Amino acid sequence: MAYSMTDVSGMSGVSLNELSHYAELGLLSPAFRGLDEDIYYEKKELLKLQQILFCKEAGVPEEEIGSILKEDPLEMVRVMQQHRIRILEEALRLHGLIQTLDRTVSYLQGERAMEEHELYYGFGHNLRQAWLPEAGHTHHSLDNRATRDLKAEKIELKSKEDFLDSQAKIDRIHLDLKQALELGLKPDSPAVQQIIGRHLEWIKGYYTPTADIYRDLANLYVEHRDFRNMYDGYHPKLAEFLREGMMIKAAQDLS
């Protein structure tokens, strides 16, 4: 099926001027020009436009995008995988910020105590330091510097391994939810709630949510652009499916 330039602009959010700009750079040529002199794109060009947008989201300089598109398809897969990891890292950061916001509100309302270190959980500069037990401590012995550097390197490596293992788990959860959705299972079915239970346990690996936090997170998955884009990559209806399942889980197990 062929789509006009206006159609492509509407479905992708890329302006007509940007599409023309990509054509001028040689990044995105139309499939053909119709009898009406309009420019038309087909599936191949739509996929290439998506890849251009992935590159831009991943911070690839515009002048380097062309060479990536021309290289082995595995290079584009690598760019997409790296971008996916960045989105997931941002998802984890947002999870932490939600918890920090809720804790702070509860503290300001006099409902709970709050440790000093809890004030900053979820902020970008603290993500890496959170893995290092020596963060915040000052050491003056130069003799121990090499040992500390090696220890930090090992801890950082462990954090990468743990992160990749964590992402493999959540990816499996998303794939299982997608399969359940495609099989026509309902969010309140025992099979789906078992998968949602795994999702809740995965979240607990980072913090322990209340029912309200888990419900807010469910809404965030649907309403936040980056989350929505991520879930749409699995299935266009997965975000809503997951949200409904999480709402049920919050009412049954967290209330």
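The values are calculated or read from the model by the stated rules, or taken from the named source; none is laboratory data. The structure displayed is predicted, hence computed values, not measured ones. Positions of Cβ are backbone-derived with ideal geometry, glycine not excepted, and every protein chain shown enters the neighbour counts. Remember, those area values only see protein heavy atoms, side chains included, never the ligands or the DNA or RNA. Shrake-Rupley method; radii C 1.70, N 1.55, O 1.52, S 1.80 Å.
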I'm checking my understanding of the structure. Among residues of region 91-105 that are polar (S, T, N, Q) and open to solvent by less than 30 Å² (accessible area, probe 1.4 Å), which one is modelled with the highest pLDDT? 100
Note on region 48-63: residues at pLDDT 85 or above and open to solvent by 90 Å² or more (accessible area, probe 1.4 Å) are 63
Number of the condition not met by residue 72 [criteria: (1) modelled with pLDDT under 85; (2) acidic (Asp, Glu); (3) under 26 Å from residue 31 (Cα atoms); (4) surrounded by 11 or more Cβ atoms within 10 Å (Cβ to Cβ)]: (4)
Cβ-Cβ under 8 Å, sequence separation 6+ or interchain: first residue in region 227-245 and assigned to a loop (DSSP other than H, G, I, E, B) and of a type in the set (D, E, K, R), partner at pLDDT 95 or above and open to solvent by 10 Å² or more (accessible area, probe 1.4 Å). Which pairs? 237/181
Scan region 204-229 for residues that are more than 13 Å from the chain's Cα centre (by Cα), β-branched (Val, Ile, Thr) and more than 19 Å from residue 167 (Cα to Cα) and jot them down. 210, 213
Return the residues of region 167-210 that are open to solvent by less than 10 Å² (accessible area, probe 1.4 Å) and of a type in the set (Gly, Ala, Ser); say none if nothing qualifies. 180
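Take the residues in region 3-45 that are in a helix (DSSP H, G or I) and within 16 Å of residue 70 (Cα to Cα); name whichever of them is most open to solvent (accessible area, probe 1.4 Å).
So, considering only residues that are in a helix (DSSP H, G or I) and within 16 Å of residue 70 (Cα to Cα), the one most open to solvent (accessible area, probe 1.4 Å) is 44.
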